[in-house]
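Read the structure below first, then the notes.
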Amino acid sequence: MRYVAIDKVEQGEKLGKHIFSSDGRILLSEGITLTVGLISKLRHMGVNTIFVKDDRFPDLEVEEPISEETKRKAMTALAQSIQYIQEDRPIDGKAISESVEEILNDVMANSDILIHLTEIRTEDNALFVHSVNVCMMSCIIGVQLGLNRIRIQELAVGALLHDIGKLVGEVKATDIPTGYENEEELMNHHAWKGFNVLRKSQEVSTLSAHIALTHHENVDGSGEPRGMIEDDIHFLAKIVAVVNDYDHLISNVKKNGGLFPHEACERIMSLTESRYDHKVVVKFLRCVAFFPTGTQVKLSNGAIGIVTEQHKGLPQRPKVRTFQKEGDHFTFDEVDLAKETTTFITKVYS
(Lines give C-alpha, C1' and ligand atoms only; values in the text may rest on other atoms or scores of the structure.)
Protein backbone atom coordinates (compact mmCIF):
# COMPACT_ATOMS: atom_id res chain seq x y z
CA MET A 1 0.00 0.00 0.00
CA ARG A 2 1.17 3.52 -0.75
CA TYR A 3 -0.12 7.07 -0.29
CA VAL A 4 -0.41 8.84 -3.62
CA ALA A 5 -1.85 11.98 -5.23
CA ILE A 6 -5.17 11.34 -7.00
CA ASP A 7 -3.68 12.68 -10.27
CA LYS A 8 -1.14 9.84 -10.21
CA VAL A 9 -3.65 7.03 -9.60
CA GLU A 10 -4.00 4.70 -12.57
CA GLN A 11 -7.10 2.91 -13.78
CA GLY A 12 -7.28 -0.62 -12.36
CA GLU A 13 -5.50 0.14 -9.08
CA LYS A 14 -7.32 -0.83 -5.89
CA LEU A 15 -8.31 1.51 -3.07
CA GLY A 16 -6.18 0.91 0.03
CA LYS A 17 -8.46 2.37 2.75
CA HIS A 18 -12.17 3.07 3.21
CA ILE A 19 -13.48 6.52 2.31
CA PHE A 20 -16.09 7.78 4.78
CA SER A 21 -18.99 10.20 4.45
CA SER A 22 -19.37 13.03 6.95
CA ASP A 23 -21.66 10.93 9.17
CA GLY A 24 -19.35 7.90 9.28
CA ARG A 25 -20.91 5.77 6.54
CA ILE A 26 -18.53 4.04 4.11
CA LEU A 27 -18.72 5.73 0.70
CA LEU A 28 -16.10 3.54 -1.00
CA SER A 29 -14.76 0.32 0.47
CA GLU A 30 -11.15 -0.74 0.71
CA GLY A 31 -10.20 -3.02 -2.18
CA ILE A 32 -12.57 -1.56 -4.78
CA THR A 33 -11.08 -1.30 -8.28
CA LEU A 34 -10.61 2.31 -9.31
CA THR A 35 -12.05 3.00 -12.75
CA VAL A 36 -11.63 6.18 -14.77
CA GLY A 37 -15.12 7.18 -13.67
CA LEU A 38 -14.41 6.59 -9.98
CA ILE A 39 -11.13 8.50 -10.11
CA SER A 40 -12.94 11.41 -11.76
CA LYS A 41 -15.68 11.26 -9.13
CA LEU A 42 -13.10 11.33 -6.32
CA ARG A 43 -11.54 14.46 -7.86
CA HIS A 44 -15.00 16.04 -8.03
CA MET A 45 -15.51 15.20 -4.34
CA GLY A 46 -12.37 17.14 -3.48
CA VAL A 47 -10.12 14.14 -2.83
CA ASN A 48 -6.44 14.96 -3.44
CA THR A 49 -4.59 11.95 -2.02
CA ILE A 50 -5.58 8.34 -1.37
CA PHE A 51 -4.10 5.00 -0.36
CA VAL A 52 -3.82 2.40 -3.11
CA LYS A 53 -2.77 -1.22 -2.82
CA ASP A 54 0.64 -1.98 -4.27
CA ASP A 55 1.77 -5.52 -5.09
CA ARG A 56 5.36 -4.47 -4.43
CA PHE A 57 4.48 -3.77 -0.77
CA PRO A 58 1.82 -6.35 0.18
CA ASP A 59 2.97 -6.42 3.82
CA LEU A 60 2.82 -2.66 4.34
CA GLU A 61 0.08 -1.69 6.77
CA VAL A 62 -0.43 1.75 8.28
CA GLU A 63 -0.68 1.52 12.07
CA GLU A 64 -3.26 3.90 13.52
CA PRO A 65 -3.68 5.04 17.15
CA ILE A 66 -7.46 4.56 16.83
CA SER A 67 -9.39 2.01 14.78
CA GLU A 68 -11.52 2.82 11.74
CA GLU A 69 -14.59 1.70 13.71
CA THR A 70 -13.77 4.18 16.49
CA LYS A 71 -13.32 6.94 13.89
CA ARG A 72 -16.61 6.02 12.24
CA LYS A 73 -18.53 6.16 15.54
CA ALA A 74 -16.96 9.50 16.45
CA MET A 75 -17.94 11.00 13.09
CA THR A 76 -21.48 9.68 13.52
CA ALA A 77 -21.77 11.18 17.02
CA LEU A 78 -20.40 14.50 15.78
CA ALA A 79 -22.82 14.56 12.83
CA GLN A 80 -25.71 13.88 15.22
CA SER A 81 -24.59 16.71 17.52
CA ILE A 82 -24.42 19.12 14.60
CA GLN A 83 -27.91 18.11 13.49
CA TYR A 84 -29.23 18.72 17.01
CA ILE A 85 -27.61 22.15 17.14
CA GLN A 86 -29.07 23.15 13.80
CA GLU A 87 -32.48 22.04 15.06
CA ASP A 88 -31.96 24.12 18.22
CA ARG A 89 -31.86 20.97 20.36
CA PRO A 90 -29.37 20.13 23.16
CA ILE A 91 -26.24 18.16 22.22
CA ASP A 92 -26.38 14.45 23.00
CA GLY A 93 -23.56 14.54 25.52
CA LYS A 94 -23.84 10.80 26.16
CA ALA A 95 -23.01 9.91 22.54
CA ILE A 96 -20.06 12.33 22.54
CA SER A 97 -18.79 10.94 25.87
CA GLU A 98 -19.01 7.36 24.60
CA SER A 99 -17.08 8.26 21.45
CA VAL A 100 -14.43 10.05 23.50
CA GLU A 101 -14.09 7.01 25.77
CA GLU A 102 -13.46 4.74 22.78
CA ILE A 103 -10.90 7.15 21.32
CA LEU A 104 -9.10 7.37 24.65
CA ASN A 105 -9.16 3.59 25.14
CA ASP A 106 -7.64 3.08 21.67
CA VAL A 107 -4.99 5.74 22.29
CA MET A 108 -4.02 4.20 25.64
CA ALA A 109 -3.68 0.77 23.99
CA ASN A 110 -1.58 2.13 21.11
CA SER A 111 0.53 4.77 22.82
CA ASP A 112 3.69 3.82 20.88
CA ILE A 113 2.17 4.47 17.44
CA LEU A 114 3.17 7.77 15.84
CA ILE A 115 0.48 10.06 14.45
CA HIS A 116 -0.02 9.72 10.69
CA LEU A 117 -3.30 11.56 9.85
CA THR A 118 -3.59 10.00 6.41
CA GLU A 119 -7.39 9.72 6.46
CA ILE A 120 -8.86 10.28 2.99
CA ARG A 121 -10.67 13.64 2.95
CA THR A 122 -13.46 14.92 0.77
CA GLU A 123 -15.02 18.37 0.73
CA ASP A 124 -18.02 16.81 2.49
CA ASN A 125 -16.19 15.01 5.31
CA ALA A 126 -13.26 17.40 5.83
CA LEU A 127 -14.60 19.11 8.97
CA PHE A 128 -15.54 15.77 10.54
CA VAL A 129 -12.20 14.09 9.76
CA HIS A 130 -10.44 17.20 11.06
CA SER A 131 -12.40 17.18 14.33
CA VAL A 132 -11.71 13.50 14.98
CA ASN A 133 -8.02 13.98 14.13
CA VAL A 134 -7.70 16.91 16.52
CA CYS A 135 -9.42 14.90 19.25
CA MET A 136 -7.14 11.89 18.70
CA MET A 137 -3.94 13.96 18.63
CA SER A 138 -4.98 15.92 21.71
CA CYS A 139 -5.56 12.67 23.61
CA ILE A 140 -2.15 11.34 22.60
CA ILE A 141 -0.40 14.50 23.77
CA GLY A 142 -2.46 14.52 26.98
CA VAL A 143 -1.32 10.96 27.70
CA GLN A 144 2.30 11.84 26.95
CA LEU A 145 2.07 14.84 29.29
CA GLY A 146 0.84 12.58 32.09
CA LEU A 147 -2.55 14.27 32.50
CA ASN A 148 -5.11 12.32 34.54
CA ARG A 149 -7.95 10.57 32.74
CA ILE A 150 -10.64 13.08 33.76
CA ARG A 151 -8.59 15.96 32.36
CA ILE A 152 -7.92 14.05 29.13
CA GLN A 153 -11.64 13.31 28.77
CA GLU A 154 -12.42 17.03 29.10
CA LEU A 155 -9.63 17.77 26.62
CA ALA A 156 -11.03 15.20 24.18
CA VAL A 157 -14.59 16.52 24.33
CA GLY A 158 -13.41 20.10 23.79
CA ALA A 159 -11.16 18.96 20.93
CA LEU A 160 -13.88 16.93 19.19
CA LEU A 161 -16.31 19.86 19.41
CA HIS A 162 -13.81 22.71 18.96
CA ASP A 163 -15.16 23.78 15.54
CA ILE A 164 -18.85 23.26 16.26
CA GLY A 165 -19.35 27.03 16.05
CA LYS A 166 -18.66 26.94 12.29
CA LEU A 167 -22.09 25.35 11.87
CA VAL A 168 -24.02 27.71 14.12
CA GLY A 169 -26.07 30.63 12.79
CA GLU A 170 -25.91 34.24 13.94
CA VAL A 171 -25.63 34.87 17.66
CA LYS A 172 -28.94 35.92 19.22
CA ALA A 173 -29.03 39.25 21.08
CA THR A 174 -30.14 37.38 24.22
CA ASP A 175 -26.94 35.28 24.09
CA ILE A 176 -24.57 38.25 24.16
CA PRO A 177 -23.19 38.67 27.69
CA THR A 178 -23.25 42.00 29.50
CA GLY A 179 -20.40 44.22 28.39
CA TYR A 180 -20.16 42.70 24.88
CA GLU A 181 -23.30 44.25 23.34
CA ASN A 182 -21.27 46.28 20.83
CA GLU A 183 -18.88 43.43 19.96
CA GLU A 184 -20.90 41.87 17.13
CA GLU A 185 -17.84 40.71 15.16
CA LEU A 186 -16.32 39.13 18.26
CA MET A 187 -19.55 37.38 19.20
CA ASN A 188 -19.91 35.89 15.71
CA HIS A 189 -16.42 34.38 15.67
CA HIS A 190 -16.86 30.59 15.38
CA ALA A 191 -14.90 30.05 18.61
CA TRP A 192 -17.35 32.20 20.56
CA LYS A 193 -20.38 30.66 18.85
CA GLY A 194 -19.13 27.17 19.70
CA PHE A 195 -18.55 28.15 23.31
CA ASN A 196 -22.00 29.71 23.49
CA VAL A 197 -23.59 26.41 22.41
CA LEU A 198 -21.46 24.16 24.58
CA ARG A 199 -21.79 26.21 27.78
CA LYS A 200 -25.55 25.57 27.67
CA SER A 201 -25.14 21.80 27.68
CA GLN A 202 -25.28 20.20 31.11
CA GLU A 203 -23.28 17.23 29.78
CA VAL A 204 -20.32 19.31 28.53
CA SER A 205 -17.96 20.71 31.16
CA THR A 206 -17.14 24.40 31.36
CA LEU A 207 -13.50 23.55 30.65
CA SER A 208 -14.39 21.66 27.45
CA ALA A 209 -16.48 24.66 26.35
CA HIS A 210 -13.55 27.01 27.05
CA ILE A 211 -11.31 24.89 24.80
CA ALA A 212 -13.68 25.65 21.93
CA LEU A 213 -13.55 29.36 22.87
CA THR A 214 -9.77 29.69 23.11
CA HIS A 215 -8.27 27.24 20.56
CA HIS A 216 -7.34 30.18 18.27
CA GLU A 217 -5.65 32.23 21.00
CA ASN A 218 -1.85 32.63 20.74
CA VAL A 219 0.54 32.77 23.66
CA ASP A 220 1.88 36.15 22.49
CA GLY A 221 -1.58 37.72 22.51
CA SER A 222 -2.01 37.88 18.72
CA GLY A 223 -4.80 35.30 18.56
CA GLU A 224 -8.59 35.41 18.31
CA PRO A 225 -11.23 36.12 19.37
CA ARG A 226 -10.07 37.93 22.53
CA GLY A 227 -6.29 38.33 22.19
CA MET A 228 -5.56 36.37 25.37
CA ILE A 229 -1.94 35.86 26.45
CA GLU A 230 0.17 33.11 28.06
CA ASP A 231 -1.32 31.96 31.39
CA ASP A 232 -4.73 33.45 30.58
CA ILE A 233 -5.13 30.61 28.06
CA HIS A 234 -5.89 27.24 29.63
CA PHE A 235 -3.16 24.65 29.02
CA LEU A 236 -5.62 22.21 27.41
CA ALA A 237 -6.58 24.85 24.84
CA LYS A 238 -2.87 25.29 24.03
CA ILE A 239 -2.74 21.59 23.11
CA VAL A 240 -5.71 21.93 20.76
CA ALA A 241 -4.19 25.08 19.21
CA VAL A 242 -1.12 23.13 18.04
CA VAL A 243 -2.89 20.05 16.69
CA ASN A 244 -5.67 22.11 15.08
CA ASP A 245 -3.16 24.12 13.06
CA TYR A 246 -1.07 21.05 12.19
CA ASP A 247 -4.06 19.19 10.78
CA HIS A 248 -5.06 22.22 8.71
CA LEU A 249 -1.51 22.56 7.39
CA ILE A 250 -1.37 18.99 6.06
CA SER A 251 -4.93 19.01 4.73
CA ASN A 252 -5.03 19.16 0.95
CA VAL A 253 -8.66 20.24 1.14
CA LYS A 254 -7.62 23.56 2.68
CA LYS A 255 -6.50 26.14 0.12
CA ASN A 256 -3.69 27.29 2.42
CA GLY A 257 -2.74 23.75 3.40
CA GLY A 258 -1.18 20.88 1.59
CA LEU A 259 2.17 20.86 3.35
CA PHE A 260 3.95 17.56 3.84
CA PRO A 261 4.01 16.48 7.52
CA HIS A 262 7.72 17.28 7.94
CA GLU A 263 7.13 20.77 6.46
CA ALA A 264 4.15 21.33 8.77
CA CYS A 265 6.27 20.31 11.76
CA GLU A 266 8.91 22.84 10.73
CA ARG A 267 6.19 25.52 10.55
CA ILE A 268 4.92 24.59 14.03
CA MET A 269 8.46 24.71 15.44
CA SER A 270 9.08 28.14 13.92
CA LEU A 271 6.05 29.55 15.75
CA THR A 272 6.88 28.13 19.17
CA GLU A 273 6.56 30.71 21.95
CA SER A 274 4.78 33.14 19.63
CA ARG A 275 1.69 31.15 18.72
CA TYR A 276 2.31 27.91 20.59
CA ASP A 277 3.38 26.77 24.04
CA HIS A 278 6.90 25.30 23.97
CA LYS A 279 6.06 22.40 26.30
CA VAL A 280 3.17 21.31 24.08
CA VAL A 281 5.24 21.55 20.89
CA VAL A 282 8.01 19.37 22.34
CA LYS A 283 5.53 16.58 23.17
CA PHE A 284 3.73 16.99 19.85
CA LEU A 285 6.94 16.53 17.85
CA ARG A 286 7.65 13.27 19.69
CA CYS A 287 4.24 11.91 18.74
CA VAL A 288 3.97 12.69 15.03
CA ALA A 289 5.40 10.81 12.04
CA PHE A 290 7.39 13.30 9.98
CA PHE A 291 7.34 10.85 7.04
CA PRO A 292 4.16 8.73 7.32
CA THR A 293 4.17 5.06 6.41
CA GLY A 294 3.27 4.61 2.74
CA THR A 295 4.97 7.85 1.64
CA GLN A 296 7.25 7.66 -1.40
CA VAL A 297 10.61 9.33 -0.78
CA LYS A 298 14.02 9.89 -2.32
CA LEU A 299 17.16 9.29 -0.25
CA SER A 300 20.42 11.20 -0.31
CA ASN A 301 22.08 8.25 -2.07
CA GLY A 302 19.65 8.65 -4.99
CA ALA A 303 17.49 5.61 -4.16
CA ILE A 304 13.69 5.82 -4.38
CA GLY A 305 11.57 3.99 -1.83
CA ILE A 306 8.48 3.78 0.36
CA VAL A 307 8.44 4.46 4.11
CA THR A 308 7.51 1.14 5.73
CA GLU A 309 7.99 1.56 9.47
CA GLN A 310 8.41 4.21 12.16
CA HIS A 311 10.77 4.54 15.14
CA LYS A 312 9.17 5.85 18.32
CA GLY A 313 11.36 8.72 19.50
CA LEU A 314 13.01 9.14 16.08
CA PRO A 315 10.19 10.45 13.87
CA GLN A 316 12.62 11.82 11.28
CA ARG A 317 14.43 8.50 10.81
CA PRO A 318 11.95 5.84 9.59
CA LYS A 319 12.63 2.59 7.75
CA VAL A 320 12.48 2.83 3.96
CA ARG A 321 12.16 0.02 1.41
CA THR A 322 13.93 1.14 -1.75
CA PHE A 323 13.14 -0.41 -5.11
CA GLN A 324 14.71 -0.52 -8.54
CA LYS A 325 13.41 -2.12 -11.72
CA GLU A 326 15.75 -4.61 -13.36
CA GLY A 327 14.30 -6.06 -16.53
CA ASP A 328 10.76 -7.27 -15.82
CA HIS A 329 11.10 -7.42 -12.03
CA PHE A 330 11.98 -5.21 -9.06
CA THR A 331 14.82 -5.54 -6.59
CA PHE A 332 14.37 -4.25 -3.04
CA ASP A 333 16.57 -3.10 -0.20
CA GLU A 334 15.61 -2.29 3.39
CA VAL A 335 17.18 0.94 4.70
CA ASP A 336 16.84 1.76 8.40
CA LEU A 337 17.61 5.47 8.69
CA ALA A 338 18.04 5.09 12.46
CA LYS A 339 21.13 2.98 11.68
CA GLU A 340 22.20 4.49 8.35
CA THR A 341 23.10 7.79 10.00
CA THR A 342 24.71 9.34 6.91
CA THR A 343 21.65 8.75 4.71
CA PHE A 344 18.78 11.24 4.67
CA ILE A 345 15.42 11.78 3.05
CA THR A 346 15.90 14.55 0.51
CA LYS A 347 12.53 14.58 -1.26
CA VAL A 348 8.94 13.51 -0.62
CA TYR A 349 6.65 12.65 -3.55
CA SER A 350 2.95 13.47 -3.50
Expected single match for at pLDDT 95 or above, assigned to a helix (DSSP H, G or I) and surrounded by 12 or more Cβ atoms within 10 Å (Cβ to Cβ) among Val297, Val281, Val320 is Val281
Would a scan of the range 241-259 turn up a residue that is small (Gly, Ala, Ser) and either modelled with pLDDT of 95 or more or open to solvent by 60 Å² or more (accessible area, probe 1.4 Å) (or both)?
-> yes
The residue that is farthest from Val62 (Cα to Cα), considering only those in the range 323-342 that are loosely packed, with under 11 Cβ neighbours inside 10 Å and of a type in the set (S, T, N, Q), is Thr342
Within the range 1-17, residues in contact with a strand residue (DSSP E or B) (Cβ under 7 Å, 6 or more places away or on another chain), at pLDDT 90 or above and open to solvent by 30 Å² or more (accessible area, probe 1.4 Å) come out as Gly12, Glu13, Lys14
Going through the range 198-235 in order, the residues found to be assigned to a helix (DSSP H, G or I) and open to solvent by less than 30 Å² (accessible area, probe 1.4 Å) are Leu198, Leu207, Ser208, Ala209, Ile211, Ala212, Leu213, Thr214
Scanning the range 284-294 residue by residue, those assigned to a loop (DSSP other than H, G, I, E, B) and either crowded, with 19+ Cβ neighbours inside 10 Å or among the small types (Gly, Ala, Ser) (or both) turn out to be Cys287, Ala289, Phe290, Phe291, Pro292, Thr293, Gly294
Filtering the range 118-144 down to residues that are assigned to a loop (DSSP other than H, G, I, E, B) and either open to solvent by less than 10 Å² (accessible area, probe 1.4 Å) or small (Gly, Ala, Ser) (or both) yields Thr118, Ile120, Thr122, Asn125
Residues of the range 65-87 being open to solvent by less than 60 Å² (accessible area, probe 1.4 Å) and touching a strand residue (DSSP E or B) at 6+ places or on another chain (Cβ under 9 Å), in sequence order, are Pro65, Glu68, Lys71, Met75
Would you be able to say whether some residue in the range 268-278 is aromatic (Phe, Trp, Tyr), open to solvent by less than 20 Å² (accessible area, probe 1.4 Å) and part of a strand (DSSP E or B)? yes
Expected output for the range 35-56 (first residue at positive phi, partner open to solvent by 60 Å² or more (accessible area, probe 1.4 Å), Cβ below 7 Å, 6+ apart or cross-chain) is Gly46/Glu123
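The values are calculated or read from the model by the stated rules, or taken from the named source; none is laboratory data. Quantities reported herein were computed from a predicted structural model and do not represent experimental measurements. All Cβ positions, glycine included, derive from the backbone under ideal geometry; neighbour counts span all protein chains shown. SASA here: full protein model, heavy atoms, side chains in, ligands and nucleic acids out. Shrake-Rupley method; radii C 1.70, N 1.55, O 1.52, S 1.80 Å.
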